[in-house]
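To start, the structure itself, in structure tokens.
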Amino acid sequence: MRAVYILWLRQIKRYSRSRARIIGSLGQPLLFLLALGFGFGPTFAKAGGGDYIQFLAPGIISMGILFTAVFSGIEIIWDRQFGFLKETLVAPVSRLQIVLGRTLGGATVALIQGVVVFFICLVVGFRFERVLFFPIALIFMFLIAVLFTAIGTAIGSVLEDMQGFQLIMNFIVMPLFFFSNALFPVQGLPKPLQFLIHLNPLTYGVDGIRGAFGRGFLFGLGTDFLVLGTLTAVLLAVGSYLFSRIQL
């Protein structure tokens, strides 16, 4: 397990050295939080939904985690093109340990990103009611991070082109975010749209975070944890398998 720890630490150090990446990854969540939170806030309140910032903040926190986690997969392509991945794969450790270390490192970075966005939400007016439930919110944030880091790893393992990775991510990440309950309530939506939202794993992560912060669970704490935990385990296994088949 020492190899897992070393790779985990390496991923965190790599991210912490890139200040531009840290600042850039905060730009989009901050834009959505300010533009949507204050732009649609009065309309949301008139519709009887209350303070929109309180509803929106968990979705924006998930957004910060989602984008950071998925795009960690591009580092596999980068390392492959510049030869760093070959040095890692020839090390006397199993590829399972390698992918676990990289995934946990990427997930930890994404979790840190989510915590930073959480504090930004507090600055703009977000308040959470269940202080004792904050560890539960962190668990859901970490599960989201691991799930989408595994997705990024899986896609990065089968692609060799950075441009192709970005195009595929745009067809995956943005629909996952918008077709979830991050920006709007599920109740009252057309049935086909509700069906798509229920199929989206991010929906259960957002619901878990929102419920832990005091807005109430739409599906229930147990359901959110079971669905998200199961999908995380499955996609982590898929990502590990695809990474193990990389040919240099």
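Name every residue in region 130-150 that is among the β-branched types (Val, Ile, Thr) and either out of contact with any Ser or Thr (no Cβ under 9 Å at 6 or more places or on another chain) or without any contact (Cβ under 8 Å) to a residue 24 or more places away in the chain (or both), in order of residue number. Walk me through it before giving the result.
Here is the first cut: in region 130-150, the residues among the β-branched types (Val, Ile, Thr) are 131, 136, 139, 144, 146, 149.
Correct list: 131, 136, 139.
Among the residues of region 144-186, just one is of a type in the set (Val, Ile, Thr), touching a Gly at 6+ places or on another chain (Cβ under 8 Å) and more than 19 Å from residue 228 (Cα to Cα), namely 155. Is it true that residue 143 is surrounded by fewer than 22 Cβ atoms within 10 Å (Cβ to Cβ), under 27 Å from residue 237 (Cβ atoms) and touching a helix residue (DSSP H, G or I) at 6+ places or on another chain (Cβ under 7 Å)? No, not satisfied. Checking each residue in region 182-202 for being modelled with pLDDT of 90 or more and under 20 Å from residue 53 (Cα atoms) picks out only 202. Checking each residue in region 120-141 for being farther than 13 Å from residue 211 by Cβ and not in a helix (DSSP H, G or I) picks out 124, 125, 126, 127. Among the residues of region 226-248, those that are under 14 Å from residue 200 (Cα atoms) and within 15 Å of the chain's Cα centre (by Cα) comprise 228, 229, 231, 232, 235.
Filter the helices (runs of 4 or more DSSP H) completely within region 151-234 down to those with at least 2 residues that are within 30 Å of residue 95 (Cα to Cα) and touching a Ser or Thr at 6+ places or on another chain (Cβ under 7 Å). Break it down stepwise before answering.
On the way: elements: 162-178, 191-199, 201-210.
In region 151-234, the matching helices (runs of 4 or more DSSP H) lie at 201-210.
Of all residues in region 177-202, those that are on the phi < 0 side of the Ramachandran plot have Cβ atoms under 7 Å from Cβ atoms of residues that are hydroxyl-bearing (Ser, Thr, Tyr) and crowded, with 16+ Cβ neighbours inside 10 Å, 6 or more apart or on another chain, in 180/203; 181/203; 182/62; 197/180; 197/203; 200/180; 202/62; 202/180. Go through region 18-30 residue by residue and tally those that are modelled with pLDDT of 80 or more and among the basic types (Lys, Arg). Summing the residues that are modelled with pLDDT of 80 or more and among the basic types (Lys, Arg) in region 18-30 gives 0. The set of residues from region 54-77 being within 17 Å of residue 215 (Cβ to Cβ) and either among the polar types (S, T, N, Q) or in contact with a Leu (Cβ under 8 Å, 6 or more places away or on another chain) (or both) comprises 54, 56, 57, 59, 60, 62.
Tally time: how many residues in region 31-53 are surrounded by 22 or more Cβ atoms within 10 Å (Cβ to Cβ) and modelled with pLDDT of 85 or more?
Looking only at that region, the number is 1.
Being at pLDDT 90 or above, out of contact with any Leu (no Cβ under 6 Å at 6 or more places or on another chain) and buried (at least 19 other Cβ atoms within 10 Å of the Cβ) is the requirement here; does residue 99 meet it? Criteria not met by residue 99.
Scanning region 39-53 for residues that are touching a residue at least 40 places away in the same chain (Cβ under 8 Å) and within 24 Å of the chain's Cα centre (by Cα) yields a single hit, 53.
The values are calculated or read from the model by the stated rules, or taken from the named source; none is laboratory data. Every value quoted in this text rests on a predicted model; they were computed, and no experiment measured them. Cβ coordinates were reconstructed from backbone atoms using ideal geometry, including for glycine residues, and neighbour counts include every protein chain displayed.
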